[in-house]
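Chemist: Let me begin by handing over the structure; questions about it come next.
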C-alpha cells in the first residue's frame with residue numbers, strides 16, 4: 001500500500017466532521033510534499049479519537065455504576081414509601097375509629113336491633129323464658 005492509499009484509509013476512519021476539517025485544510029487536495037504531514041495529522045486525529053473513546057467508555061462504566069446505585073437506592077426508598085403508606089392507612093383507619101366511636105357503637109346497636117326483630121318475628125316473644133329475660137333486663141331478677 002502506498003502513502004496515498006494509506007491516507008485514504010485513515011480518512012475513511014475519521015468522522016464526517018473531521019473529514020470536512022481536513023478537506024478545508026487541504027482544499028486543493030494533498031500534494032506529494034504535504035502527504036507525510038497529512039498522514040501524521042490523520043494519525044494524530046485518529047489517536048485522539050481513540051483516546052476519547054476510551055475516556056467515554058470509562059465514563060459510561062462510571063455512570064452505569066452510579067445509575068445502578070441510584071436505581072438500587074430508589075428501589076429501597078420506594079419500599080420504605082410503600083411501607084409508610086400502609087402504616088399511614090392503618091393510622092388513618094384507627095383515627096377514624098377513634099373519631100367515630102359512636103358510629104361504630106351505633107353499627108353494633110343496629111345489628112342487635114335487627115337480630116331482636118328477627119327473633120321476635122320467629123316467635124321468641126312467645127317463649128316461656130321471655131318474661132324472665134325482660135325481668136333480667138329491667139334488673140328484677
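The values are calculated or read from the model by the stated rules, or taken from the named source; none is laboratory data. For clarity, every value in this text was computed on a predicted model and none was experimentally measured. Methodologically, a virtual Cβ is constructed for each residue, glycine included, from the backbone with ideal geometry; neighbour enumeration extends over all protein chains shown.
Chemist: Just a yes or no: is a residue in segment 69-86 within 30 Å of residue 22 (Cβ to Cβ) and either in the same structural domain as residue 8 (by TED's automatic domain parsing) or in contact with a strand residue (DSSP E or B) (Cβ under 8 Å, 6 or more places away or on another chain) (or both)?
Modeler: no
Chemist: Check every one of the helices (runs of 4 or more DSSP H) wholly within segment 1-102 and list those with 3 or more residues that are modelled with pLDDT under 90 and under 43 Å from the mean Cα position of the chain (by Cα).
Modeler: Helices (runs of 4 or more DSSP H) meeting the threshold: 35-99.
Chemist: When segment 123-138 is examined, which residues are found to be modelled with pLDDT under 85 and part of a loop (DSSP other than H, G, I, E, B)?
Modeler: 123, 127, 128, 129
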